[in-house]
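Before any comments, here is the structure.
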Amino acid sequence: MGNCCATTCPLVDTNSNKKKGKKNKAIPYSADEYGVTHGSTTFKLKVLNELTGRDISAQYDLGREMGRGEFGVTYLCTDPNSGEKLACKSISKKKLRTAVDIEDVRREVQIMKHLPKHPNVVTLKDTFEDDDAVHIVMELCEGGELFDRIVARGHYTERAAAGVMKTIVEVVQMCHKHGVMHRDLKPENFLFANKKEASPLKAIDFGLSVFFKP
């Protein structure tokens, strides 16, 4: 693969992303056209091998920003047909500067699709890819990070800590059983489904994960 380079282009017509009688949030990174350069020719960068579609705005409404990382932004996402609240991680292709970056995103999605549904792993819903970004729609976890809850509580009882560790070990066991090594397990990468004390704890962020033979 050749070097990646970014080129500018006019802003897209956001009218095409509006539903009747309702204003939608502009598609993230839609002003950044991005491609792969080989010699004097620029090709559209394709990251995902399988996806739900190209136009995320045709199926979901994007709302407020919920978090920001090295490669993209996570937004509140709503299915207008069912009203279901989800999370959408939008990864700018402009940030994918190397073949390794591209492969990491591709593998993250492959791993989330590969793993069976588990009560303690965030569920992948849909994937979209347009010319400017990859959009990963996932289950919404509104209870915050395990890290923040540990800090807020100050300490855990032995019984409560054992419960948390049991969940983490079960996630590791399930992943390893299916040939996946997470490689980034830490309190920041476990979210609570809701703010209740007994909320389920869910593993997130498979960006550094790899397949292996168990």
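Which whole-Hz couplings ³J(HN,Hα) result when phi for each residue of region 65-77 is put into the Karplus expression 6.51 cos²θ - 1.76 cosθ + 1.60, θ = phi - 60°, listed in order with x for Gly and Pro?
For region 65-77, the Karplus curve yields 6, 10, x, 9, x, 5, 10, x, 10, 9, 10, 5, 9 Hz.
Test of the criteria: in region 105-204, which GluC sites (Glu not before Pro) are in a DSSP loop and have at most 12 other Cβ atoms within 10 angstrom of their Cβ?
In loop regions of region 105-204 (DSSP not H, G, I, E or B), the sparsely surrounded GluC sites (Glu not before Pro) are Glu197.
Region 161-214: which trypsin sites (Lys or Arg not before Pro) are DSSP loop and have at most 16 other beta-carbon atoms within 10 angstrom?
Answer by residue number: Arg183, Lys195, Lys196.
Hand me the GluC sites (Glu not before Pro) from region 68-106 located in a DSSP loop with no more than 11 other Cβ atoms within 10 Å, in residue order please.
Glu70
Using only the Cα atoms of region 146-211, build the gyration tensor, take square roots of its eigenvalues as a ≥ b ≥ c, and label the shape rounded, prolate or oblate: rounded if a/c is under 1.5, else prolate if a/b is larger than b/c, else oblate.
Note, shape of region 146-211 comes out prolate.
Going by how many other beta carbons lie within 10 Å of each one, how would you line up Arg68, Arg106, fewest first?
Listing Arg68, Arg106 from fewest to most nearby Cβ atoms yields Arg68, Arg106.
Taking amide H positions as placed in the peptide plane 1.01 Å from N, state which residues far from Met66 in sequence (5 or more) or on other chains have amide H under 5 Å from it.
Under 5 Å from the amide H of Met66 lie the amide H atoms of Thr74, Tyr75, Leu76, each far enough along the sequence or on another chain.
Just so you know, all these numbers are worked out from the coordinates, no wet-lab data involved. These figures come from a predicted structure and were not determined experimentally. Note that we place each Cβ from the backbone using ideal geometry, even for glycine, and neighbour counts take in every protein chain shown.
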